[in-house]
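The values are calculated or read from the model by the stated rules, or taken from the named source; none is laboratory data. Please read these numbers as outputs of a predicted model, since none were measured by experiment. Methodologically, a virtual Cβ is constructed for each residue, glycine included, from the backbone with ideal geometry; neighbour enumeration extends over all protein chains shown.
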Amino acid sequence: MLLAEVVETSRRIAATSKRLEKIDLLSALLKRLNPEEVEITVAWLSGATRQGRIGIGYALLRNSIGEPASNASLEILQVDRALEDFTSIRGAGSDARKREALQQLFGRATREEAQFLSGLLAGELRQGALEGIMLEALARASGSSLEHIRRAAMMGGGVASIARAAMSQGETGLQQYEIALFRPVQPMLAQTVEDVSDALESLGGEAALEYKFDGARVQAHKSGDEVRIYSRSANDVSIAIPEIVEAVRALPARELILDGEVLSLDAQGRPQPFQVSMRRFGRKVNVDELQQELPMTPFWFDLLYLDGASLLDHPQAHRFHELANLTPTRNLVPHLETESPDRAEDFLHQALASGNEGVMAKSRHAPYAAGARGQSWLKIKRARTLDLVILAAEWGNGRRQGWLSNLHLGARDIEKGGFAMLGKTFKGLTDEMLAWQTAELQKIEIARDKYTVYVEPKIVVEIAFNEIQISQRYPSGLALRFARVKRYRPDKPASASDTFQTVQKLAGIAQ
Ligand code: AMP
């Protein structure tokens, strides 16, 4: 199929605000694709490429786009091959060869195709909102149930990777993505809400509340004596935390997959700061020594698999009940099931008073689902924080002369695309952070003027703030008051940062 058909579908999807129409358009396109075009196209229309991050900066893109071709001739497979070749260009003179390769590709693209491709390669095609629509379109086009498509996407590493099997074999093709030991499941994520009453209300009046620990998310897999612990990004971290491996090995089940948070507690049993707990990861030598100094404790909050059976489809209440039967209380997340906003508020205070970040509120009826769709897990913190993306940084003055300091902060706009600027801050940055960001931001620079370096929207920072104000200062119409940097979030890609729509909700100006 020609790229032009994909581009036209993408244009028509962007032009309508009707969800069903978007699904119709996508599903019609999926049905017309050849099997080998399916994964590529699904990835593109979800805002990604099959090759993952290609590492094409704005400057390179800008220099590669010349006169548009007058006729559409590029085929999907040709573009994919060009991207594949592009990713293998390395070594001396690679910049020039990359430019040449891109110029060749863009030289054959019409104006609309070039726009689509540059948006795709710069990571700017609308994301997030499209993912749910893509899942539904794939279910429709392949004649499979939406639940099974979701499940397969969660297990198989995303919607693009499973699309071909779904389109060519339907439900039968999806079976290969069933949950399996030692194949990490993408973790379920949470959305931010302002307070516990909001959380109870949006979960239908009742919720399971749990302490929200500020440690490292882990998934533990056990089969007999064999135990592996995976990080949030699916890396095997077993070597770094042997005491967690031991604790899991000792649990009274033959096979299981557990989801939880591990952290280091101080002598009084209070959580150590996040940075302190994190010292245990990435350590391969002298593990023993550090283990003595900073022993880690697991707090399990979910059970995904038990003795040959998947629990993913069971409601949270059932999964937690089974979990509580298995784990010693000291390793189970402190929890409360309640309908009462007052009791929930007390529980939040108790969580904060014992040194935690806040609480999670979970729907007791919800299955386990990757990502933050469906709003079944909600997080409530005290100092409100948002995960925002750095759009630019200004050079500092005085003591900070020569360092990139004041950060421009943006939230992903999943309706309009791009980022909505919400403010600037240089507060909370240590000298070490200033040095780091000065180096890293210039690596992803796209432009600069006398005061400011503009960067690709890639780096996520966690920003604490006191209030969201209505403000004319930025086109977004909103600004954060008393914004300060809490920490960088290298574990989060920009596509997982908080959205402008969430910020609007927090500000009380949208439903
Ligand atoms: P955030 O990273 O701020 O979006 O919050 C979600 C993260 O909170 C999860 O990925 C876990 O690492 C962590 N977390 C801490 N306690 C819990 C809990 N009780 N349930 C789920 N996630 C938790």
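Brief remarks follow.
- All of (1) in contact (Cβ under 8 Å) with a residue 24 or more places away in the chain; (2) in a strand (DSSP E or B); (3) away from the ligand (no atom under 16 Å from the Cβ); (4) among the hydrophobic types (A, V, I, L, M, F, W, C) hold for V227 with one exception: (1).
- Every condition in (1) more than 16 Å from the ligand (Cβ to nearest atom); (2) outside any loop (DSSP other than H, G, I, E, B) is met by L352 except one, and the failing one is (1).
- Matching residues, region 53-70, being under 23 Å from the mean Cα position of the chain (by Cα) and either modelled with pLDDT of 95 or more or among the small types (G, A, S) (or both): G55, G57
- Extreme residue, surrounded by the fewest Cβ atoms within 10 Å (Cβ to Cβ), among residues of region 239-253 that are at pLDDT 95 or above and small (G, A, S): A250
- Of all residues making up region 107-130, the number that are crowded, with 20+ Cβ neighbours inside 10 Å and not in a loop (DSSP other than H, G, I, E, B): 8
- Qualifying residue in region 403-419 (condition: in contact with a strand residue (DSSP E or B) (Cβ under 9 Å, 6 or more places away or on another chain), touching a residue at least 40 places away in the same chain (Cβ under 8 Å), farther than 18 Å from S497 by Cα and assigned to a strand (DSSP E or B)): yes
- Within region 79-133, considering residues that are over 30 Å from the mean Cα position of the chain (by Cα) and of a type in the set (S, T, N, Q), the one nearest to L146 (Cα to Cα): T110
- The set of residues in region 467-490 that are within 15 Å of the ligand (Cβ to nearest atom) and exposed (fewer than 13 other Cβ atoms within 10 Å of the Cβ) contains only P490.
- Check on S354, in the same structural domain as S264 (by TED's automatic domain parsing), more than 16 Å from D195 (Cβ to Cβ) and touching a Leu at 6+ places or on another chain (Cβ under 8 Å): no
- Lone qualifier among L326, L388, L378 - being of a type outside the set (K, R) and surrounded by fewer than 20 Cβ atoms within 10 Å (Cβ to Cβ): L326
- Enumeration of residues in region 21-52 that are within 20 Å of the chain's Cα centre (by Cα) and not charged (D, E, K, R): V42, A43, W44, L45, S46, G47, A48, T49, Q51, G52
- So L256, is it crowded, with 18+ Cβ neighbours inside 10 Å, away from the ligand (no atom under 16 Å from the Cβ), in contact (Cβ under 8 Å) with a residue 12 or more places away in the chain and outside any loop (DSSP other than H, G, I, E, B): yes
- For region 424-466, the candidate set comprises residues that are acidic (D, E) and part of a strand (DSSP E or B); within that set, the residue that is surrounded by the most Cβ atoms within 10 Å (Cβ to Cβ) is E462.
- Among the residues making up region 259-297, those that are within 14 Å of the ligand (Cβ to nearest atom) and either in a helix (DSSP H, G or I) or under 23 Å from the mean Cα position of the chain (by Cα) (or both) are D259, G260, E261, V262, L263, F274, S277, M278, F281.
- Some residue of region 336-345 being modelled with pLDDT under 95, within 15 Å of the ligand (Cβ to nearest atom) and on the phi < 0 side of the Ramachandran plot: no
- Looking across region 189-205, just one residue is at pLDDT below 85 and within 8 Å of the ligand (Cβ to nearest atom), and that is T192.
- Any pair with Cβ under 7 angstrom, 6 or more apart, that starts in region 206-217 at a residue that is without any contact (Cβ under 8 Å) to a residue 60 or more places away in the chain and ends at one that is outside any strand (DSSP E or B): R217/P187; R217/R232
- Per the conditions (1) in a helix (DSSP H, G or I); (2) surrounded by fewer than 21 Cβ atoms within 10 Å (Cβ to Cβ); (3) within 16 Å of the ligand (Cβ to nearest atom), the sole criterion not satisfied by Q186 is (1).
- Selected residue (criterion: modelled with the lowest pLDDT) from residues of region 218-235 that are in contact with a strand residue (DSSP E or B) (Cβ under 6 Å, 6 or more places away or on another chain) and of a type in the set (D, E, K, R): R232
- R399 vs. criteria part of a loop (DSSP other than H, G, I, E, B) and either within 16 Å of the ligand (Cβ to nearest atom) or farther than 30 Å from V218 by Cα (or both): no
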